[in-house]
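Chemist: The structure under discussion is supplied below as structure tokens; questions concerning it will follow.
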Amino acid sequence: KLTKNDEESVGRNIRCIILTSNSDRVFSAGADLKERSEMTKEEASSFVTSLRSSLDGLASLPMPMIACVEGAALGGGLEIALTADLIISGENATFGLPETSLAIIPGAGGTQRLPRLIGAARAKELIFTARKIGAQTAYEYGIVQHVVGKGEAEKKGIEIANEIVKNGPLALKAAKRSINEGLDVDIRKGMEIEKVCYATILPSNDRLEGLSAFKEKRRPNYRGN
């Protein structure tokens, strides 16, 4: 368990997170169905509750997060990817929430994060049909933001991460918080959230460093304070 000092250190030193797999065939294919078939009802419930809590924690990390998907991202695998702010897909990737074909539903955020990303009707179609889709269709639906050649997803993710980490880390976290929290309310309340998030940046040394660097025509040295 991280102490408060640990959390603050992680927050200062980690500017962007990349989620990936060591396989170019499978990002994550979800739960082990053989193992699940041997679980009691109580064990299955505990497993899904634990997974949901873990992915909620992943989604709530304050810094930008990029999922780089090669191969299958199915069931819980897609739910993992959906915790990220951006998804980069290799052209060989497949996506889907096939749980209804097993007479269950996505239980680790799929019924909530997917419709917020692509709209209720398309999310319902994918979940109701248990359909698997390829990278290009996922791009057209808005699940992924970039499709690249097979084996190139992580490289593209690192390229984007390098663009991100040049910017003020406190500003990145404030922007992520403002966007995420604003999506759940009407625009008037969203503007208030933006106001609060903006106020957290005003006293920062990074804000002053950004202004100085612009004036002096040099690259800023942001320290996350």
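The values are calculated or read from the model by the stated rules, or taken from the named source; none is laboratory data. Worth saying up front: this structure is predicted, and the values here are computed from it rather than measured. No Cβ is skipped: glycine too gets one built from the backbone with ideal geometry, and neighbour counts run over all protein chains shown. Note: areas computed on protein heavy atoms with side chains; ligands, DNA, RNA excluded. Shrake-Rupley method; radii C 1.70, N 1.55, O 1.52, S 1.80 Å.
Chemist: What's the total number of residues in the stretch 113-125 that are on the phi < 0 side of the Ramachandran plot, surrounded by fewer than 17 Cβ atoms within 10 Å (Cβ to Cβ) and over 13 Å from the mean Cα position of the chain (by Cα)?
Modeler: Going residue by residue through the stretch 113-125, those that are on the phi < 0 side of the Ramachandran plot are 113-118, 120-125.
Among the residues that remain, those that are also surrounded by fewer than 17 Cβ atoms within 10 Å (Cβ to Cβ) are: 115-117, 120-122, 124-125.
Still in the list and also over 13 Å from the mean Cα position of the chain (by Cα): 115, 120-122, 124-125.
Total satisfying the criteria: 6.
Chemist: Could you say which residue among Leu183, Leu202 is surrounded by fewer than 16 Cβ atoms within 10 Å (Cβ to Cβ) and touching a residue at least 60 places away in the same chain (Cβ under 8 Å)?
Modeler: Numbers: Leu202 fails: touching a residue at least 60 places away in the same chain (Cβ under 8 Å).
Residue meeting the stated conditions: Leu183.
Chemist: Going through Glu38, Glu91, Glu43, Glu70 one at a time, which residue ends up being within 17 Å of Thr137 (Cβ to Cβ) and open to solvent by 50 Å² or more (accessible area, probe 1.4 Å)? Quick ask: steps written out before the conclusion?
Modeler: On the way: Glu38 fails: within 17 Å of Thr137 (Cβ to Cβ); Glu43 fails: within 17 Å of Thr137 (Cβ to Cβ); Glu70 fails: open to solvent by 50 Å² or more (accessible area, probe 1.4 Å).
Just a single option satisfies the conditions, and that option is Glu91.
Chemist: A further question on this structure: Among all residue pairs at least 6 apart or on different chains, which show Cβ distances below 7 Å where the first residue, located in the stretch 61-72, is without any contact (Cβ under 8 Å) to a residue 60 or more places away in the chain and the second is part of a loop (DSSP other than H, G, I, E, B) and of a type in the set (Asp, Glu)?
Modeler: Every condition considered, the pairs that remain are Met65/Asp85; Gly71/Asp24.
Chemist: Additional query: Can you give me the number of residues within the stretch 131-155 that are out of contact with any Cys (no Cβ under 7 Å at 6 or more places or on another chain), open to solvent by 20 Å² or more (accessible area, probe 1.4 Å) and either outside any loop (DSSP other than H, G, I, E, B) or under 29 Å from Ala44 (Cα atoms) (or both)? Don't jump to the end; show me each part of the working.
Modeler: Here is the first cut: in the stretch 131-155, the residues out of contact with any Cys (no Cβ under 7 Å at 6 or more places or on another chain) are 131-152, 155.
Add one more test, that the residue is open to solvent by 20 Å² or more (accessible area, probe 1.4 Å), and what stays is 131-132, 134, 136-137, 139-142, 145-152, 155.
Narrowing the set further to residues that are either outside any loop (DSSP other than H, G, I, E, B) or under 29 Å from Ala44 (Cα atoms) (or both) leaves 131-132, 134, 136-137, 139-141, 146-148, 155.
Summing the residues that are out of contact with any Cys (no Cβ under 7 Å at 6 or more places or on another chain), open to solvent by 20 Å² or more (accessible area, probe 1.4 Å) and either outside any loop (DSSP other than H, G, I, E, B) or under 29 Å from Ala44 (Cα atoms) (or both) in the stretch 131-155 gives 12.
Chemist: Does the stretch 1-42 hold any residues that are at pLDDT below 80, among the acidic types (Asp, Glu) and in a helix (DSSP H, G or I), and which are they?
Modeler: Asp6, Glu7, Glu8, Glu35 - these are the residues of the stretch 1-42 that are at pLDDT below 80, among the acidic types (Asp, Glu) and in a helix (DSSP H, G or I).
Chemist: So, one more: Does the stretch 207-223 include one or more residues that are modelled with pLDDT under 95, in a helix (DSSP H, G or I), open to solvent by less than 80 Å² (accessible area, probe 1.4 Å) and in contact with a Leu (Cβ under 6 Å, 6 or more places away or on another chain)?
Modeler: For the stretch 207-223, residues modelled with pLDDT under 95, in a helix (DSSP H, G or I), open to solvent by less than 80 Å² (accessible area, probe 1.4 Å) and in contact with a Leu (Cβ under 6 Å, 6 or more places away or on another chain): absent.
Per-residue answers, yes or no, for (1) closer than 22 Å to Ile118 by Cβ; (2) open to solvent by less than 90 Å² (accessible area, probe 1.4 Å); (3) part of a helix (DSSP H, G or I):
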| residue | (1), (2), (3) |
| --- | --- |
| Ile158 | no, yes, yes |
| Lys166 | no, no, no |
| Leu170 | no, yes, yes |
| Ala174 | no, yes, yes |
| Glu194 | no, no, yes |
| Asn225 | no, yes, no |
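Chemist: Of these, Ala103, Ala84, which one is small (Gly, Ala, Ser) and crowded, with 17+ Cβ neighbours inside 10 Å? Can you show your working first?
Modeler: On the way: Ala103 fails: crowded, with 17+ Cβ neighbours inside 10 Å.
The conditions single out Ala84.
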